[in-house]
1. Of Ile207, His364, His298, which is farthest along the charge dipole of the chain in the positive direction, counting Lys and Arg as +1 and Asp and Glu as -1 at C-beta?
2. What is region 113-216 by shape, rounded, prolate or oblate, if you read a ≥ b ≥ c off the alpha carbon gyration tensor as root eigenvalues and call it rounded for a/c under 1.5, prolate for a/b larger than b/c, and oblate otherwise?
3. Can you list residues whose amide H is under 5 Å from Ser72's amide H, if they're 5+ apart or on another chain and H is modeled 1.01 Å from N?
4. What does the C-alpha gyration tensor say about the overall shape of region 213-308? Classify as rounded when a/c is under 1.5, otherwise prolate if a/b is larger than b/c, or oblate.
5. Specify the angular offset, from 0 to 90 degrees and rounded to the nearest 10, of the alpha carbon long axis of helix 345-363 from the longest principal axis of the alpha carbons in the chain.
6. Where is the GNM fluctuation largest for the chain (alpha-carbon springs, 10 angstrom cutoff): Glu257, Glu272, Glu80?
7. For Arg365 and Ala169, compute 0.36 nm times the residue count separating them, minus their Cα-Cα distance, and round to one decimal in nm.
8. At 222 nm, what helix-only mean residue ellipticity would the chain give, in deg cm²/dmol to the nearest 500, using -39500 (n - 2.57) for each DSSP H run of four or more?
Amino acid sequence: MTIDPRGAAAAVQLFRRTFGAQPTCVASAPGRVNLIGEHTDYNGGEVLPIAIAARTHVAARANGTRLVRCVSASLPEAGEFPLDDPRPSGKWWDYAAGLADQMVRHGAAVTGADLAVWSDVPAGAGLASSASLEIAAGLALAKIAGIDVGRRDLALCARHAEEEYVGVAVGIMDQFASALAVTGHALRIWCDTGETAQIPFGESVLIFDTGVGRTLRSGAFNARRAEVESALALLRRHHPSLPTLAGATPEEVAAAELPAPLDRRARHVVTETRRVARVVAALERGEPVPGAELLASHESLRRDYECSSPELDWFVERAMRAPGVRGARLTGAGWGGCAIAVGDAAALESAGPEIAAEYRVGFHRTPGWRVTPASEGATVSSLTIPQ
Ligand code: GLA
């Protein structure tokens, strides 16, 4: 099992400094980017994320109480929550608290613990920093309590935690990707059944963080969820047995003549889930990601789902002018956050700083960028040797 020594060591050091003891385990979980399949997960469609190199590390030790004490290297304030009857506090440790609460509700004998968190997944950028914290904290809590928790169950607990405890009605993509991803593979998830498949993916991806944070995102996200639920209810008048919105065909959506903007929201969902299948087919033939599918995805998100932003649109247009770039699109929820580009690895490495410099001048914001391969999913290790 490989754990990034830098992040793990930093979490261990923070733990020792804060709690004055040696942690007994370190868990680690990655952020993710989605190659394609956006806003399809909560519509029962398909998604195709990869784990990125940036990760959240949690060093942990049982503390013999019914409290979990949390400290983070990068997030303000340290805090604690009770395992019995925890209440959301609006603080960053709600992700760990919500997860622990779900584990307890599922009958897991979670014990009190001290947790020290170190992460290089930027918060609020749409790279699933919260899912990586949930999964790493959950694995650490399970390890120190001696609970054998399945990755899939953990991901489902994390998803419920986010929905019920933190209040954002997310799909299952982020938690599944963080918990189940495998190096050198994209994770195909059929979000209606929770079935997954590892799809070989040897390319790297340029991630461009527009630096436009999440302020808008949760409200807009919940509004889109309400719209697609209405679209599904209307479609079911014609097709009562339709299991999910993504289960409709583009022809059925067109024939239903849904009122605007529900017609466009539904069109995005049914076309996007089909793009995932086409990208998977190309990868399975040993071809690179078809750039045209990424561009079509972005256009659909921009025009039909209306979750792009001027910054994301600018990036896509600019990236496509860089030699060797084959495709680009927004990734994650949108309304700011991140976009990706695919192409030759060398082209991505040189495009990153050039695009960032132009963006800084044009938008008066400092973007982030990195080139990442498909990285390892969540890991957990016992620490037996003092470091
Ligand atoms: C956010 C959610 C995911 C997914 C994407 C959009 O990242 O957490 O579950 O819905 O938006 O594809």
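The values are calculated or read from the model by the stated rules, or taken from the named source; none is laboratory data. Predicted, not measured: the structure shown is a model, and the values here were computed from it. Neighbour counts are summed over all protein chains in view; Cβ atoms, including those assigned to glycine, are modelled from backbone coordinates with ideal geometry. Ligands, DNA and RNA are excluded from the accessible area calculation, which covers all protein heavy atoms including side chains. Shrake-Rupley method; radii C 1.70, N 1.55, O 1.52, S 1.80 Å.
1. Of Ile207, His364, His298, it is His364.
2. Working: a/c = 1.40, a/b = 1.11, b/c = 1.27.
Rounded.
3. Those qualifying (amide H under 5 Å, at least 5 residues apart or on another chain) are Val117.
4. Values: a/c = 2.22, a/b = 1.26, b/c = 1.76.
Oblate.
5. Approximately 90 degrees, to the nearest 10.
6. Per the Cα network of the chain with a 10 Å cutoff, Glu257 tops the list.
7. Values: separation 196, 0.36 × 196 = 70.56 nm, distance 2.92 nm.
Full extension of this stretch gives 67.6 nm more.
8. Details: 11 runs with 157 residues, N = 387.
Counting only the DSSP helices, I get -13000 deg cm²/dmol.
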